[in-house]
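K.L.:
Have a look at the structure that comes next, please.
The values are calculated or read from the model by the stated rules, or taken from the named source; none is laboratory data. It should be emphasised that the depicted structure is a prediction, and the values quoted were computed from it without experimental measurement. All Cβ positions, glycine included, derive from the backbone under ideal geometry; neighbour counts span all protein chains shown.
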């Protein structure tokens, strides 16, 4: 997908269309829904549910390890993964510190996986002028 960067801002209402497009272009899609997250603990619980962690993270170090595992393509998936983060804008508004930690971890894991031959794209979804519609 030459028209997307490692991380991208997208209008929340385009999430389903974005997921369909990513799948049609050969990406394994992971969805994270954090519209109701208010702090680190609520984020870790939501991430565990959405990303299939067997145990929830209890700190940022454990989330980093679990995020890596969630972003690594399974054996039956393409080498490219896209994480569609619904509610990123809401998380940003409610808990800037949590948002920044999550963003930092996800971008770092995308870079790590890229160095290992996998592509990971991050899509932060929200509402308002900072989150444009996809074309």
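K.L.:
Taking residue 108 as meeting all but one of (1) at pLDDT 95 or above; (2) in contact with a helix residue (DSSP H, G or I) (Cβ under 9 Å, 6 or more places away or on another chain); (3) loosely packed, with under 14 Cβ neighbours inside 10 Å; (4) more than 16 Å from residue 5 (Cβ to Cβ), write down the number of the exception.
P.N.:
(4)
K.L.:
Name the residues in segment 77-99 that are surrounded by fewer than 16 Cβ atoms within 10 Å (Cβ to Cβ) and more than 21 Å from residue 114 (Cβ to Cβ), would you?
P.N.:
93, 96, 97
K.L.:
Please determine whether any residue of segment 96-104 is touching a residue at least 60 places away in the same chain (Cβ under 8 Å) and over 13 Å from residue 123 (Cα atoms).
P.N.:
Among the residues of segment 96-104, at least one is touching a residue at least 60 places away in the same chain (Cβ under 8 Å) and over 13 Å from residue 123 (Cα atoms), which makes the answer yes.
K.L.:
Pairs under 7 Å by beta carbon, first residue on the phi < 0 side of the Ramachandran plot and modelled with pLDDT of 95 or more in segment 1-22, partner surrounded by 18 or more Cβ atoms within 10 Å (Cβ to Cβ) and in a loop (DSSP other than H, G, I, E, B), six or more apart or different chains?
P.N.:
Here the result reads 9/131; 10/131; 11/131; 12/131, each pair linking segment 1-22 to a residue that is surrounded by 18 or more Cβ atoms within 10 Å (Cβ to Cβ) and in a loop (DSSP other than H, G, I, E, B).
K.L.:
Would segment 35-48 turn up any residue that is in contact (Cβ under 8 Å) with a residue 60 or more places away in the chain, over 18 Å from residue 89 (Cα atoms) and part of a helix (DSSP H, G or I)?
P.N.:
No.
K.L.:
Report, by residue number, each residue of segment 49-70 that is farther than 15 Å from residue 106 by Cβ and in a loop (DSSP other than H, G, I, E, B).
P.N.:
Residues satisfying the conditions are 52, 54, 55, 56, 58, 59.
K.L.:
Could you check segment 47-63 and list, in sequence order, the residues that are buried (at least 19 other Cβ atoms within 10 Å of the Cβ) and out of contact with any strand residue (DSSP E or B) (no Cβ under 7 Å at 6 or more places or on another chain)?
P.N.:
Residues satisfying the conditions are 53, 57, 63.
K.L.:
Another question, then. Tell me the residue from 32, 22, 92 that is in contact with a helix residue (DSSP H, G or I) (Cβ under 6 Å, 6 or more places away or on another chain) and part of a helix (DSSP H, G or I), please.
P.N.:
92 is the lone residue from the list that is in contact with a helix residue (DSSP H, G or I) (Cβ under 6 Å, 6 or more places away or on another chain) and part of a helix (DSSP H, G or I).
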